[in-house]
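Worksheet for the structure shown next.
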Amino acid sequence: MQTGMLLLALTAGAFLTVQVGLNAALRTAFGSAGVAALANFMVGILALLAFLLAMRTPLPSREAFAGAPWWAWLGGMLGAFYVATVTIAGPRLGATVLVAVTVLGQLVAALIVDQYGWLGFPQESITPARILGCALLLGGVYLVLRA
């Protein structure tokens, strides 16, 4: 595995926790989790637009837009669901519990996606070692909840 990609993923994971705190601060300031999530996405759109302009990335053709599978467009909706949910749940659960539970959910979903090779991921069977990894994470969630 490439060390750079692992470090990038590690950084993205750390930033998710920071993002929850930032969104919670917006929720408090605005009095609404929905408005805080919308502000998050508006800033994200501006940041991505700046990135695309800086990289001089050409826009896709109409054919490319039309050729995308219908279900691929749901990613934005799932991202909005995640941001809104953690903006509401984060301040109530605390960062550690929130991250532990969401990572467990990600790992379980990833096992299923890999098992069937869905969404363009390579097919990788569920193995006893992967099940043990999930079980250990579940044990970690249990310990975090008890603390």
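Coordinate-derived values only; no laboratory data. The shown structure was predicted, so the numbers you read here are calculated from the model rather than taken from an experiment. Neighbour counts run over all protein chains shown; Cβ positions are idealised from the backbone, glycine included.
Here the calculated FRET efficiency for VAL43 and ALA64, from their Cβ-Cβ distance with R0 = 30 Å, stands at 0.70, rounded to the nearest 0.05.
How high is the relative contact order of the chain? Use alpha-carbon pairs under 8 Å, at least six apart in sequence, and give a whole percent. It would help to have the intermediate numbers written out before the result.
On the way: 78 pairs, mean separation 32.7, N = 147.
Averaging sequence separation for qualifying contacts and normalising by length gives 22 percent for the chain.
The simple Förster model, with R0 at 35 Å and r as the Cβ-Cβ distance, assigns GLN123 and ALA54 a FRET efficiency of 0.45.
Just subtract the alpha-carbon distance of VAL108 and TRP71 from 0.36 nm times their residue separation and send over the number in nm, one decimal. Show your work: numbers first, answer last.
Numbers: separation 37, 0.36 × 37 = 13.32 nm, distance 2.03 nm.
Answer, rounded to one decimal: 11.3 nm.
Let's test the formula: R0 of 35 Å, r as the Cβ-Cβ distance of TYR142 and SER32. What FRET efficiency results, to the nearest 0.05? Taking R0 as 35 Å, the efficiency between TYR142 and SER32 is 0.60. Across the range 6-15, computed HN-Hα scalar couplings (Karplus, 6.51 cos²θ - 1.76 cosθ + 1.60, θ = phi - 60°) run 5, 5, 4, 5, 4, 5, 4, x, 5, 5 Hz from first to last residue, x flagging Gly and Pro.
P(r) tail for the chain, what percent of Cα pairs lie past 28 Å? Distances greater than 28 Å cover 34 percent of the Cα pairs. Couplings 3J(HN,Hα) of the range 40-51, computed from phi: 4, 5, 5, 5, x, 4, 5, 5, 5, 4, 4, 4 Hz, in residue order, whole Hz [Karplus 6.51 cos²θ - 1.76 cosθ + 1.60, θ = phi - 60°; x for Gly and Pro]. Karplus-derived 3J(HN,Hα) values for the range 20-27, using 6.51 cos²θ - 1.76 cosθ + 1.60 with θ = phi - 60°, are 4, x, 5, 5, 5, 5, 5, 4 Hz; glycine and proline are entered as x.
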